[in-house]
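Beneath this line is the structure, given in structure tokens, with notes to follow.
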Amino acid sequence: MRIARSLRQFGLIVLMASLASAQSKVSPEERTAAYLQSVRSQPLLALAFLREMPKGGDLHNHLSGSIYAESWIDFAASDGLCVDRTTAVLIAPPCDAGCETFNSKPAVSCAHGDHILYNTMVDGWSMRNWNQGEESGHDHFFASFAKFDLASHSHAADMIAEAVSQAAADHLQFVELMHTADGMQAAQLGRKFGWDDELPKQREKLLAGGLKDVVAATSRKLTEDEGRMRARLKCGSPAAEPGCEVTVRYLYQVLRGLPREQVFAQVLLGFELASTDPRFVGLNLVMPEDWYIPMHDFELHMKMLDYLHEIYPKVHISLHAGELAMGLVPPEGLTFHVRDSVERGHAERIGHGVSVMNERDPLGLLREMAERDVLVEICLTSNDVILGVKGDEHPLPMYLEYGVPVALATDDEGVSRSDMTHEYWRAVGTYDFLTYKDLKRMARLSLEHSFLPGASLWSATTGFRTVSACSAGKTSAACQKFLDGSERATVQWRLEEEFGKFEKKF
């Protein structure tokens, strides 16, 4: 008996040693992946996991849409603005005297003591409590911007501060903010000069007629706004807030729903800014794709981009394309926007791309996008609330199947009442084939396809192997020299450091 007991104990010791040895051979990444898989059926545990997960960059983030309605109310109140009690539209003062409920144009500050008015404004300026029976998600979403727009005119610094603070809370390392930073000066200049079918002449008139001054003024204004943003966040001090650590760059935001002469002026300003101010890393065309002018002038907009790309070949372009669904526009309107944006608009990234499977030869287009390495900025919450497209109807699985690079993005997290963590949570909850390694790849690709200057940290993105200079780690002189010469690689390295810390917890 004593011998048998000893043999059993010896066997147990060997088994435990074997299990410990096997466990030690499992990488931190594999243990982390196993943990996420173990909590997929417990959404709140998955949410807690995803909250802490490093997420790289948010490449599709409209600055004005990133602000929550509660902040807009505070901004408007501080400016002494009024609000239409019925429509929730902000109005310039003077306001009605007093905060009585019968006043139709009270001061916004009245909302701080009037919960009905306050809730009306929050609901009107976001998708909170939206009721599909009253109006479409599409119409309610896009109508919100005009309602709070007046509060945005003097609060760019506060908006940037809020955007980077939210990015830090979501464990992002980088954000590209779409920002019409000139305050519509270029559009006004375009209206002044009118339209000329000869684009070279149009460009010459604008550059000679004051656009260069708009470029300089926009850069100066951004310097002032970023200075106020850093002061608000106490950057550079011992009390610096986490948002100070987020790297931020800007895409000049062109409003493609404007008349053609104003759109061209804004597009030209975007190319000029990105050529002269390193904080502007490219441009994008925004506003609802299904509206009359964006649909009617789509070919002209591609012609503008094609022409200016020849003059400014180093300027990066990301385009909204395929933010459409069947019934929103005639069938023909679904068949070419993504392809033309890539082939004629020179888009290096596509925002949304929801209607891609309605394009002519969609599978050929997917293969082309994979070959060209065109990344798609996937905005799951936005696509659901605006277009009603989600789950199996969303093309995310198709993009992945055909090797098109993708990254999750927030779009307008303030209006949507979401954040990057919940974009990841929605992805995990919707698509059970997505693993931790898939999410990690998306985060890495977000920085790989950012418009930050400099060489990539990766020799290739298939296995994400570092360049030879950094194969021995950051402590080597060669790696440090490489990182010092590349903003992109520096942010990528920071993401890898955060992944290392995160995965040690599992």
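Amide hydrogen proximity for ILE91: with H placed 1.01 Å from N in the peptide plane, the residues at 5 or more positions away or on another chain lying under 5 Å are CYS82, VAL83, ASP84. Extension gain for the segment ALA455 to ALA169, taken as residue separation times 0.36 nm less the Cα-Cα distance, is 100.2 nm to one decimal. Relative to the current alpha-carbon distance between TRP291 and GLN37, full extension at 0.36 nm per residue lengthens the span by 87.2 nm. Taking a straight line from the alpha carbon of LYS505, these lysines sit under 25 Å away, with near neighbours fewer than eight places off in the same chain left out: LYS25, LYS55, LYS437, LYS440, LYS474.
Each Lys and Arg Cβ is given +1 and each Asp and Glu Cβ -1; about its Cα centre, the stretch 274-344 then shows a dipole of about 280 debye.
Ranking of GLU343, GLU323, GLU198 by solvent-accessible surface, largest first: GLU198, GLU343, GLU323 (1.4 Å probe, protein heavy atoms only, all chains present).
Alpha carbon centre of the stretch 111-138 versus the stretch 196-235: separation in Å? Rounded to whole Å, the Cα centres lie 35 Å apart.
A viscosity of 0.692 mPa s and a temperature of 37 °C, combined with the Kirkwood radius over Cα pairs in Stokes-Einstein, give a translational diffusion coefficient for the chain of 133 µm²/s. For LYS221, the lysines whose Cα comes closer than 18 Å to its Cα, not counting residues fewer than 8 places off in the same chain, are LYS212.
Within the straight-line cut-off of under 15 Å between alpha carbons, the aspartates and glutamates reachable from LYS205 are ASP196, ASP197, ASP213, GLU261, GLU272, sequence neighbours fewer than 8 places apart in one chain being disregarded. Using a ≥ b ≥ c from the Cα gyration tensor of the stretch 201-306 (square roots of the eigenvalues), is it rounded, prolate or oblate, where a/c under 1.5 gives rounded and otherwise the larger of a/b and b/c decides, a/b for prolate? Prolate.
With both labels modelled 7 Å from their Cα along Cα-to-Cβ, the MET326 to ALA217 distance reads 4.9 nm. Solvent exposure of the chain amounts to 43 Å² per residue of accessible area, where only protein heavy atoms count and the probe is 1.4 Å.
Take the Cβ atoms of GLU52 and LYS234, set R0 to 22 Å, and the FRET efficiency comes out at 0.40. Checking Cβ-Cβ separations below 4.7 Å across the chain identifies CYS379 as cysteines lacking any candidate disulfide partner.
With both partners inside the chain, how many of the DSSP beta bridges are antiparallel, as a percent to the nearest 5? About 15 percent, rounded to the nearest 5. Computed on the stretch 300-396, the Cα convex hull volume stands at 97 Å³ per residue.
Normalising the average separation of contacting C-alpha pairs (under 8 angstrom, six or more residues apart) by the number of residues puts the relative contact order of the chain at 18 percent.
In the assembled protein chains, ASP373 presents an accessible area of approximately 80 Å² (probe radius 1.4 Å).
Using heavy atoms of the protein chains and a probe of 1.4 Å, the accessible area assigned to HIS316 is about 50 Å².
Relative contact order (percent) for the stretch 148-238, with alpha-carbon contacts under 8 angstrom and 6 or more residues of separation?
Reported as a whole number, the value is 45 percent.
Among LYS437, LYS390, LYS192, the sequence by solvent-accessible area, most first, with a 1.4 Å probe is LYS192, LYS390, LYS437.
Computed over the chain, the per-residue total of -39500 (n - 2.57) for DSSP H runs of n ≥ 4 gives a 222 nm mean residue ellipticity of -14500 deg cm²/dmol, rounded to 500.
Computed from the Cβ-Cβ distance with R0 of 45 Å, the FRET efficiency linking GLU401 to LEU300 stands at 0.85. For the chain, a simple Cβ point-charge model (Lys and Arg +1, Asp and Glu -1, everything else neutral) yields a dipole of about 2400 debye relative to the Cα centre. In this calculation the C-beta distance from LYS390 to GLU224 is compared with R0 = 41 Å, giving a FRET efficiency of 0.50.
A simple rule links phi to the HN-Hα coupling: the Karplus curve 6.51 cos²θ - 1.76 cosθ + 1.60 with θ = phi - 60°, which for the stretch 38-54 gives 6, 10, 4, 7, 10, x, 6, 5, 5, 4, 4, 4, 6, 4, 8, 5, x Hz, with x for Gly and Pro. Dipole size of the stretch 415-473 about its Cα centre, with +1 on Lys/Arg Cβ and -1 on Asp/Glu Cβ: approximately 100 debye, rounded to the nearest 20. Using bins of 10 Å that start at zero, the share of Cα-Cα pairs per bin across the stretch 161-257 amounts to 14, 36, 25, 16, 8, 1, in whole %. Just the protein heavy atoms count here, and of the accessible area of the stretch 374-446 at 1.4 Å, carbon and sulfur take up 46 percent.
Using C-alpha pairs under 8 Å with a sequence gap of at least 6, the mean separation divided by the residue count of the stretch 356-506 gives a relative contact order of 17 percent.
The values are calculated or read from the model by the stated rules, or taken from the named source; none is laboratory data. The structure presented is a predicted model; accordingly, all values stated were derived computationally and were not measured. When we count neighbours, we look across all protein chains shown, and the Cβ atoms used for this are built from the backbone with ideal geometry, even at glycine. Just the protein is used for accessible areas: all its heavy atoms, side chains included, with ligands, DNA and RNA removed. Shrake-Rupley method; radii C 1.70, N 1.55, O 1.52, S 1.80 Å.
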